[in-house]
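A.B. asks: What follows is a single structure, and I will ask about it in a moment.
The values are calculated or read from the model by the stated rules, or taken from the named source; none is laboratory data. Remember, it's a predicted structure, so these values are computed and weren't measured experimentally. Using ideal geometry, Cβ is built from the backbone for each residue, glycine included, and neighbour counts are taken over all protein chains shown.
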Amino acid sequence: MQGSYLTFEDSELAITGGSGIFRGVYGVVKLHQIVYPTKIFYTFELQGIPPLPAELTRPIVPPNPSVTASPNAVRARPGFVAPNFSD
């Protein structure tokens, strides 16, 4: 990603490539500060991307300071963020 990360307002960063299934992908990621510096709402607008696993295409959770990750995701247990997903 390229661009300036701003702490006092929303930021937009350029995505210029990736690895694995994201190889050759480009676009932007928009960062919206919810609770600085611990909660940021990310919106990805990607081009050139193949179909993603269902785990990566869930419905959007509206930005809210009270939203928390599941305990298993926080503990970084394998398969609890994106089951069976690797690049």
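A.B. asks: Can you work out which of the residues in the range 68-87 that are part of a loop (DSSP other than H, G, I, E, B) and surrounded by 12 or more Cβ atoms within 10 Å (Cβ to Cβ) is modelled with the lowest pLDDT? Lay out the reasoning, then the answer.
C.D. replies: Of the range 68-87, the ones part of a loop (DSSP other than H, G, I, E, B) are 68-70, 75-87.
Pick out the ones that are also surrounded by 12 or more Cβ atoms within 10 Å (Cβ to Cβ) and you get 80-82, 85.
On the way: Phe80: 62, Val81: 59, Ala82: 62, Phe85: 55.
Here the residue is Phe85.
A.B. asks: Of all residues in the range 1-33, which are farther than 24 Å from Gly48 by Cα and surrounded by 15 or more Cβ atoms within 10 Å (Cβ to Cβ)?
C.D. replies: Passing the criteria: only Gln33.
A.B. asks: Look through the range 36-60, keep the residues that are β-branched (Val, Ile, Thr) and surrounded by 12 or more Cβ atoms within 10 Å (Cβ to Cβ), and return whichever of them is nearest to Ala73 (Cα to Cα).
C.D. replies: Ile40
A.B. asks: Please go through the range 7-40 and pick out each residue that is more than 22 Å from Thr68 (Cβ to Cβ), of a type in the set (D, E, K, R) and part of a strand (DSSP E or B).
C.D. replies: Of everything in the range 7-40, just one residue is more than 22 Å from Thr68 (Cβ to Cβ), of a type in the set (D, E, K, R) and part of a strand (DSSP E or B), namely Glu12.
A.B. asks: Is it the case that the range 47-58 has a residue that's part of a strand (DSSP E or B) and in contact with a Phe, Trp or Tyr (Cβ under 7 Å, 6 or more places away or on another chain)? Reasoning before the result, please.
C.D. replies: First, pick out the residues of the range 47-58 that are part of a strand (DSSP E or B): 47.
So of that shortlist, the ones also in contact with a Phe, Trp or Tyr (Cβ under 7 Å, 6 or more places away or on another chain) come out as 47.
The answer is yes, given that some residue of the range 47-58 is part of a strand (DSSP E or B) and in contact with a Phe, Trp or Tyr (Cβ under 7 Å, 6 or more places away or on another chain).
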